[in-house]
Every structure is written in structure tokens, then in C-alpha cells.
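**Q** Quick one: structure below, then a few questions.
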Amino acid sequence: MKTSKIIVTLLIVLLSSVTAISVMAATAQDVVTYTGKGTITFNHKAHGEKLGCAACHDGDKQEKIAIENKKQGHAKCLACHKQEKKKGNSAAPTKCNQCHKK
Ligand code: HEC
Ligand code: HEC
Ligand code: HEC
């Protein structure tokens with residue numbers, strides 16, 4: 001093979017693996033915001049690193065978790081924060097305006 005052909009082949013291999021990696025990384029957002037009553041900022045990445053994926057996602061199924069209203073939001077977010085508070089971790093906010101920011 002000519003050197004130029006080898007370089008072209010290497011470039012194609014490199015480019016396709018870069019594309020594959022970026023497609024994988026695009027599955028979950030680092031930070032998600034909810035609006036309704038003010039703005040809620042949910043740091044998905046930090047929660048995942050601290051708690052592990054299984055704290056919120058069922059087994060291997062890492063799909064979108066719908067949070068569209070107060071019932072869902074408080075059942076999924078506030079309930080765990082209240083448990084954390086009971087355990088003595090005050091870093092998980094339970095006061096309204098700590099999640100709902102203007
Ligand atoms: C504290 C709860 C929580 C933890 C821990 C968590 N997630 Fe999530 N995850 C969510 C919520 C809520 C959503 C929905 C976010 C949205 O509406 O875009 C979500 C969405 C996702 C999605 C789907 C994104 C989409 O738009 O389809 C993937 C994939 C995902 N999480 C993977 C992970 C992985 C991998 C981990 C562990 C590193 C993890 N999650 C940890 C709560 C969590
Ligand atoms: C399984 C438990 C759990 C769930 C579910 C959970 N959290 Fe948390 N959250 C925590 C813990 C623990 C902390 C404190 C992290 C630390 O110790 O630094 C925290 C911290 C926070 C903070 C303050 C730190 C920051 O990132 O600004 C906010 C805001 C927050 N969570 C919002 C949410 C929202 C919104 C949801 C739902 C989409 C949610 N959390 C779901 C456990 C949870
Ligand atoms: C751990 C974070 C967190 C705390 C603390 C919290 N909430 Fe929420 N709340 C949410 C999430 C997430 C939603 C769902 C997303 C949305 O609807 O904005 C929500 C939704 C709501 C809604 C519905 C908003 C709409 O879209 O119409 C109301 C009203 C509300 N909360 C009031 C309160 C009050 C009052 C308190 C204090 C007693 C409180 N929340 C504490 C996270 C929190």
C-alpha cells in the first residue's frame with residue numbers, strides 16, 4: 001500500500017470511532033432543567049456520580065424518566081432528599097426555594 005492510502009485508511013478508522021464515541025456520550029444530559037414553578041436545576045451527572053445509576057434507573061434500563069408535574073417531581077426528587085435529610089445529609093435540599101429558583 002502507498003503511504004497516502006495508509007493515511008487515508010487510518011483517518012477513516014479514526015473518524016468513525018470518534019463518531020461512535022460522541023453518539024454514546026449524547027445519551028444523557030449533564031444538567032437538566034425543569035420549569036413550572038420557577039426553574040429547577042437537576043445536575044444529572046453529579047447525582048449519577050454520587051449515588052450510582054441504579055438509585056434512579058431500573059437495572060440496566062437507563063431511559064428517560066418523565067417528570068412533568070408536582071406529583072412526579074416530588075415523588076422522584078423530594079422523597080429521596082427527605083430520606084437523605086433523615087440520615088443527616090443536609091446537602092440534599094428539601095426547602096421549596098432551594099429547588100424552585102426564581
Ligand atoms: C437522581 C436520579 C438519577 C440518577 C442517579 C441517574 N439518573 Fe439518569 N435520569 C434521571 C432523570 C430524572 C432523567 C430524565 C431527564 C430528562 O428529562 O431529560 C434521566 C435520564 C437519563 C437518560 C436518558 C436521557 C434521554 O434524554 O433520553 C439516560 C441514558 C440516563 N439518565 C443514564 C444515567 C446513567 C448512565 C446514570 C449513572 C451514571 C444515571 N442516569 C443516573 C435521573 C437519574
Ligand atoms: C436517590 C436520591 C436522590 C434523588 C432521586 C434525587 N436527588 Fe438531588 N440530591 C441527592 C443528594 C444525596 C444530594 C446531595 C449531594 C451531596 O451530598 O453533595 C442532592 C443534591 C441536590 C441538589 C443540590 C446540589 C445541586 O446539584 O445543586 C439539587 C438542586 C437537587 N439534588 C435536585 C434534585 C432534583 C431536581 C431531583 C429529581 C429530578 C433529584 N435531586 C433527585 C439525592 C437525590
Ligand atoms: C428536591 C427538589 C424540590 C423541592 C425541595 C420542592 N420541589 Fe416542587 N417540584 C420539584 C420538581 C422536580 C417538580 C416537577 C417539575 C415542575 O413541574 O416544575 C416540582 C413541581 C412543583 C409544582 C408544580 C409546578 C407546575 O409545573 O405547575 C409546585 C406547585 C411545587 N413543586 C411546589 C413546591 C413547594 C410548595 C415546595 C416546598 C414545600 C416544593 N415544591 C419543594 C422539585 C422540588
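The values are calculated or read from the model by the stated rules, or taken from the named source; none is laboratory data. This one's a predicted model, so the numbers in the text were calculated from it and none came from an experiment. No Cβ is skipped: glycine too gets one built from the backbone with ideal geometry, and neighbour counts run over all protein chains shown.
**Q** Across the stretch 48-73, what is the total count of residues that are over 17 Å from Thr33 (Cβ atoms), outside any loop (DSSP other than H, G, I, E, B) and under 18 Å from the mean Cα position of the chain (by Cα)?
**A** 6
**Q** Please go through the stretch 74-97 and pick out each residue that is closer than 19 Å to Lys45 by Cα and part of a helix (DSSP H, G or I).
**A** Lys76, Cys77, Leu78, Cys80, His81, Glu84, listed by residue number.
**Q** Being surrounded by 10 or more Cβ atoms within 10 Å (Cβ to Cβ) and within 9 Å of ligand 1 (Cβ to nearest atom) is the filter here; which residues of the stretch 51-63 pass it?
**A** At the first step, the residues of the stretch 51-63 found to be surrounded by 10 or more Cβ atoms within 10 Å (Cβ to Cβ) are 51-58, 62.
Residues satisfying the conditions are Leu51, Gly52, Cys53, Ala54, Ala55, Cys56, His57, Gln62.
**Q** Could you run through the stretch 19-42 and say how many residues are assigned to a loop (DSSP other than H, G, I, E, B) and either at pLDDT 95 or above or of a type in the set (Val, Ile, Thr) (or both)?
**A** The total comes to 3.
**Q** Can Glu84 be described as within 14 Å of ligand 3 (Cβ to nearest atom) and either over 17 Å from the mean Cα position of the chain (by Cα) or at pLDDT below 95 (or both)?
**A** Here the answer is yes, as Glu84 does meet what is asked.
**Q** Within the stretch 35-51, work out how many residues are within 21 Å of Glu84 (Cα to Cα) and more than 9 Å from ligand 2 (Cβ to nearest atom).
**A** 3
**Q** Taking into account only those residues within the stretch 86-102 that are out of contact with any strand residue (DSSP E or B) (no Cβ under 9 Å at 6 or more places or on another chain) and within 15 Å of ligand 1 (Cβ to nearest atom), which is farthest from Thr39 (Cα to Cα)?
**A** Once the filter is applied, the top-ranked residue is Asn89.
**Q** Give just the number: which of (1) in contact (Cβ under 8 Å) with a residue 24 or more places away in the chain; (2) in a helix (DSSP H, G or I); (3) exposed (fewer than 14 other Cβ atoms within 10 Å of the Cβ) does Lys45 not satisfy?
**A** Condition not satisfied by Lys45: (1).
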